[in-house]
Every structure is written in C-alpha cells, then in structure tokens.
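Note sheet for the following structure.
The values are calculated or read from the model by the stated rules, or taken from the named source; none is laboratory data. Here the structure is a predicted model, which is why all the values come from computation and not from measurement. Cβ placement follows ideal geometry from the backbone for every residue including glycine, while neighbour counts extend to all protein chains displayed.
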Amino acid sequence: MSRNEPKVRWEELTAPELVEVARTTGGVCLLPIGCLEKHANHLPLGTDSIIAHELAIAAARIEPAVVLPPQDIMGVVNEIKAHPGSISLPSALLFQIWEAVCDEISRNGFHKIVIVNGHGGNRFLLGQFICECMDRRKDYALYWPRSLDDAKFRDALMESDYEAHAGELETSIMMHLRPHACRPDAIGQLDGRPKKNFDLGGDTYTSADWYILHPEHYAGDARTASADKGRRLFEHRAGNLAKVIANIRSDARVGEMLAQFYDQAQSWRNP
C-alpha cells in the first residue's frame, strides 16, 4: 500500500482511527466470506477467501469502506471432503458465527454490512442467513451483491466454453493476485469438463450432484488463463462493487423498512 492509499483494513486501523472511519464511510463495512477447499491441482486452497478479501480492499480504496479480515473457514464445503484441505462448518454453527460477527461489526459503529462472497457454495446459505437475521431486531442492515460481472465483458475475455470452479477466469484472477501460489504446470493434470453421465429427469438435485459432475473439483478449462485477463476482470469487478458501495452508503430505504417491519411485528403481538 502506498502512502497515498487510504487505510481500509480493519486490522490495520488504530482504535481512534476506526471510530473516525465509521463516521467518514457512513458506517459501511465489507465482510469478505470465502472458504478453504480444493481448486483442482493448480490453485491454492484459500482461493475463494483471497479473491473476496482482495476484491473488497480494492473496492474500498475506490469508494470508502472498512474491510474486515477474510473469514477463511466460514463455509460449508461438505462436497469437497473427499479431498484434503477443506474446512467445513455445520450450517447452524456458521449462521451463529456470521450473526455474532455482524453484531460485533455493528457494535463498533458500522450499521451497513456488505457481504462480499467468494465461494459459490455459500449462495445456498447467504440468502437464508439474511432472512433469519430478521427474526431478531437488529440495528444494522445486511447487503449481499450477488453479481459483479457484466456478461458481455466476461464473455469477451473467455476463450474456454465452461467456467465453474478453478477454470480460466478464476485461475486468471489468482495469477494476477497470487502468482506465487499458483501451479500453472499442474493445469493439464485433470479434466475439468463435467461428467454428464447421470440424469434422473425433472432437473432432480441430489446430495452427490457436484461430486458426480466434478469428482476432482475442477470445473472449466484453465489452459487459456493469464494474469492480464485476471487483472482486467478483477478491476472490472472492483469497479462494480465500488458503485454498489456508493449506492448502499446513500441508501435509507432498507433501514427504514426494517424498522417498520420490526415495529409492525411487535405491535400485534403486544397490543
């Protein structure tokens, strides 16, 4: 970080600085969430957490916000347990941890918490978590930007025809962010094409779906990955996230409606 770049990382701020940042950012805190899991043989286990954290930092340097340290183990990755390296928490425990962390963020003066998710599997949990937080009155609002890609921009970068896990784009971003942690020599060791040899009809989802399709936890073709592609995609996403942060900072509607919701829920139970 250069001397001219703002301090945005929670852990690098002094206590008085954090109080001031809560004021100058409008109380916006970015909460990066990822996981530890296998990414084929060529990317590090912490890929999702690294990308989420770095993306949050880059966006916060464009549009002021504070960034919490990455939550490396905060994921449910049961489908990866057939391979070494994953840390998977029970979803009920995970919800308790997420809520406790958000409560503490708010206690420190940040009442707009933006979840920056780096792990695809978390999408099954985050929506439910945000809804469950409405069960108890909170003095903060949760925001989760679910898409930071422009489809045309993304498609123009891709040379491969499939991207889901450790593929061309994710590998490119890691080549840009952590080239020393990547193993490009190992890219050709596995086949990332889905094993489409199982269909029950009715778009039936099973507990073994991901493992059936991607037993080596590689879904894509990283052979055309490059650090330049990664830099361009990363900067594109950081810019889009910065725009979302600006919108959230000026937002009053979500907080107002949450207060109305809690008041209404209380009024008929305690007339």
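Summary table
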{"quantity": "Qualifying residue in the stretch 171-182 (condition: assigned to a loop (DSSP other than H, G, I, E, B), surrounded by 13 or more Cβ atoms within 10 Å (Cβ to Cβ) and of a type outside the set (D, E))", "calculated": "yes"}
{"quantity": "Residues that are in contact with a helix residue (DSSP H, G or I) (Cβ under 7 Å, 6 or more places away or on another chain) and either within 23 Å of V19 (Cα to Cα) or crowded, with 23+ Cβ neighbours inside 10 Å (or both), drawn from the stretch 78-90", "calculated": "none"}
{"quantity": "Within the stretch 245-271, tally of residues that are within 33 Å of the chain's Cα centre (by Cα), polar (S, T, N, Q) and more than 18 Å from T25 (Cα to Cα)", "calculated": "2"}
{"quantity": "When residues of the stretch 122-154 are limited to those that are part of a loop (DSSP other than H, G, I, E, B) and among the acidic types (D, E), the one modelled with the highest pLDDT", "calculated": "D139"}
{"quantity": "Index of the failed condition, A156 passing every other in (1) surrounded by fewer than 14 Cβ atoms within 10 Å (Cβ to Cβ); (2) touching a Cys at 6+ places or on another chain (Cβ under 7 Å); (3) of a type in the set (A, V, I, L, M)", "calculated": "(2)"}
{"quantity": "Residues satisfying the stated conditions in the stretch 94-134, i.e. crowded, with 20+ Cβ neighbours inside 10 Å, closer than 20 Å to T25 by Cβ and of a type in the set (A, V, I, L, M)", "calculated": "I105, I113, V114, I115, V116"}
{"quantity": "Residues that are at pLDDT below 95 and under 22 Å from L241 (Cα atoms), drawn from the stretch 1-32", "calculated": "M1, S2, N4, E5, P6, K7"}
{"quantity": "Candidate set from the stretch 183-212 (those that are assigned to a loop (DSSP other than H, G, I, E, B) and among the aromatic types (F, W, Y)); member that is farthest from I50 (Cα to Cα)", "calculated": "F198"}
{"quantity": "Of residues in the stretch 218-271 being in contact with a helix residue (DSSP H, G or I) (Cβ under 7 Å, 6 or more places away or on another chain), in a helix (DSSP H, G or I) and among the charged types (D, E, K, R), the one surrounded by the most Cβ atoms within 10 Å (Cβ to Cβ)", "calculated": "R237"}
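Yes/no per residue for (1) touching a Gly at 6+ places or on another chain (Cβ under 6 Å); (2) surrounded by fewer than 21 Cβ atoms within 10 Å (Cβ to Cβ); (3) in a loop (DSSP other than H, G, I, E, B):
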position: V21; (1), (2), (3): no, no, no
position: L31; (1), (2), (3): no, no, no
position: I57; (1), (2), (3): no, yes, no
position: P69; (1), (2), (3): no, yes, yes
position: V76; (1), (2), (3): no, yes, yes
position: A92; (1), (2), (3): no, yes, no
